[in-house]
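Each value in this text was obtained by applying a stated rule to the coordinates, not by laboratory testing. No experiment lies behind these values; they were computed from the predicted model shown. Quick reminder, even Gly has a Cβ in these numbers, built from the backbone with ideal geometry, and neighbours come from all protein chains shown.
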Amino acid sequence: MHIPLNHPRRTSLLIREKLVEGFRRKLVVEEGLIAHGRGECFDYLIGEKTQPFAEKAIEAAAAALLLAKYPVISVNGNTAALVPSEVVELARITNAKIEVNLFYRTREREEAIAKWLREHGASEVLGAGDDASATIPELFSERRRVSPRGILIADVVLVPLEDGDRTEALRKMGKTVIAIDLNPLSRTARAASITIVDNVVRAIPYMIEKTKEMKTKPREALEKILREYDNNAVLQEAIKHILRRLEELSTSKLTLELTDISK
Ligand code: PTJ
C-alpha cells in the first residue's frame, strides 16, 4: 500500500505494512497481527518514543549482553518481520547466537524465518527443524522446544515479544532474561530480569548503538551498571510516565483545529 510522505501516522502505518508483508511471507501468524495491535495501543500511551526508563533498561541490557558467556537472541515471527537486519547486526556485535523460537510453531514457519534471517545476513540460525531437540522443563507451549546449542545453554537470552510462561521458566533455569515489551503490565515484563518497555523497532537499533559504544568499557564498569539496575523501579517509572501523560492530556485541548476546505 502507498502511504503518503506527509501522512501524520506514516511511521506507524509503515510498521503495520512490514507485519502484513511478514504475514504474506508466512513469517507472522494471525495472532501476531493481534499482538501488534495491543503493542500499538501501549506505544500510543508511552508517546511513541524511547523514554528514559527504556534507555535505562537498554543500557543494562547492553551490559548484560556484553558480559554474557553465551548470549542468545530468540526470534519469533513479529520480530523477524520487523527488524531482521537489526537482529543480525546486534548478534554480530555481541557475539550472540540467533535462535528461532515460536509460540505457534510449525516447521514451515521455522524454516521460513530461518531463511529470511539468513537472507538478511545471518550466518547461522538455530532452532529450526530438528535442531530444536531440547526441552525447557515445566513449560507446555511449543516454546518449550529449544536448541541444545542455543537457548538451552545460554546464560543471557534476549526475548522480544515473549510470553510470560517461558520468561518465568528461563528465569527459573538461572538465565538472565531481557524482554522487549510495550506492555509494562504483562507477565513477561514482570518476570524478566531486564524489561525494555519500548517498540522493538526502536529498541533493537538503540541496543546496537549502545552495545557499540559500551564494548570498550572495562568489565567492572559493565558489572556496576548491572548491579545498580532495578527492574521493578523501571517498570514503576513506565507506569508513572503513562499516568503523567494521561493527566496532562486530560487537562489539555484534544480536539483538532481543522481548516474548512468545503468552499
Ligand atoms: O511468532 P510466534 O508464533 O512466536 O507468535 C508471536 C506472538 C507475538 C503472536 C506471541 O508471542 C504472542 O501471542 O504474544 P503475546 O502474549 O500477545 O504478547 C506480545 C506482547 O508484545 C504484548 O504484550 C504486546 O504489547 C507486545 N508487543 C506487540 N508489538 C510490539 C510489542 N512489544 C514491543 N514492540 C512491538 N512492536
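How much length is gained if the chain between residue 223 and residue 95 is pulled fully straight, taking 0.36 nm per residue apart and subtracting their Cα-Cα distance, in nm to one decimal?
So the chain would gain 44.3 nm between residue 223 and residue 95.
With Rg and the Kirkwood Rh both taken from Cα atoms, where does Rg over Rh land for the chain? Write out the running numbers ahead of the final one.
On the way: Rg = 19.0 Å, Rh = 19.1 Å.
A ratio of 0.99.
To the nearest 20 Debye, how big is the dipole of the stretch 1-71 about its Cα centre, given +1 on the beta carbon of each Lys and Arg and -1 on that of each Asp and Glu? If you can, show how the numbers build up before the last one.
Values: 11 positive and 9 negative charges, 40 e Å.
That gives the stretch 1-71 a dipole magnitude of about 180 debye.
With each pseudo-label sitting 7 Å past Cα toward Cβ, what's the residue 115-residue 5 distance in nm, one decimal?
3.6 nm
What span do the alpha-carbon atoms of the stretch 8-65 cover on each of the three principal axes, reported in whole Å from largest to smallest?
36, 30, 17
Explain nothing, just the number: dipole magnitude of the chain about its Cα centre with +1 on each Lys and Arg Cβ and -1 on each Asp and Glu Cβ, in debye rounded to the nearest 20.
Values: 41 positive and 39 negative charges, 46 e Å.
Dipole size: approximately 220 debye.
Among the trypsin sites (Lys or Arg not before Pro) in the stretch 1-42, which ones are in a DSSP loop with at most 12 other Cβ atoms within 10 Å of the Cβ? Mind listing them?
Working: sites: 9, 10, 16, 18, 24, 25, 26, 38; in loops: 9, 25, 26.
Counting only loop positions with at most 12 other Cβ atoms within 10 Å, the trypsin sites (Lys or Arg not before Pro) in the stretch 1-42 are 9.
Charges on Cβ only, +1 for Lys and Arg, -1 for Asp and Glu, centred on the Cα centroid of the stretch 71-200; of 82, 169, 112, which one is farthest towards the dipole's positive end?
Looking along the dipole axis, the top candidate is 169.
Once you put a point 7 Å from the Cα of residue 123 and another 7 Å from the Cα of residue 240, both along the Cβ direction, what distance in nm separates them?
Result: 4.5 nm between the two label points.
Would you mind getting me the FRET efficiency between residue 261 and residue 17? Use the beta-carbon distance for r and R0 = 22 Å, nearest 0.05.
Working: r = 28 Å, r/R0 = 1.27.
So, using R0 = 22 Å, E works out to roughly 0.20.
Sketch the reach of a paramagnetic label on residue 85 as a point 7 Å from Cα along Cα-to-Cβ, and name the residues of the stretch 26-60 whose backbone nitrogen lies under 16 Å away.
Answer for the stretch 26-60: none.
So what's the convex hull volume per residue for the Cα atoms of the stretch 174-262, in Å³?
Values: hull volume 15.0 nm³, N = 89.
Normalising the Cα hull of the stretch 174-262 by residue number yields 168 Å³.
In whole Å and largest first, what semi-axes does the C-alpha gyration tensor of the stretch 120-229 yield when each eigenvalue is scaled by 5 and square-rooted? Spell out each step's value before the answer.
Values: eigenvalues 115, 63, 46 Å².
Working through the eigenvalues yields semi-axes of 24, 18, 15 Å.
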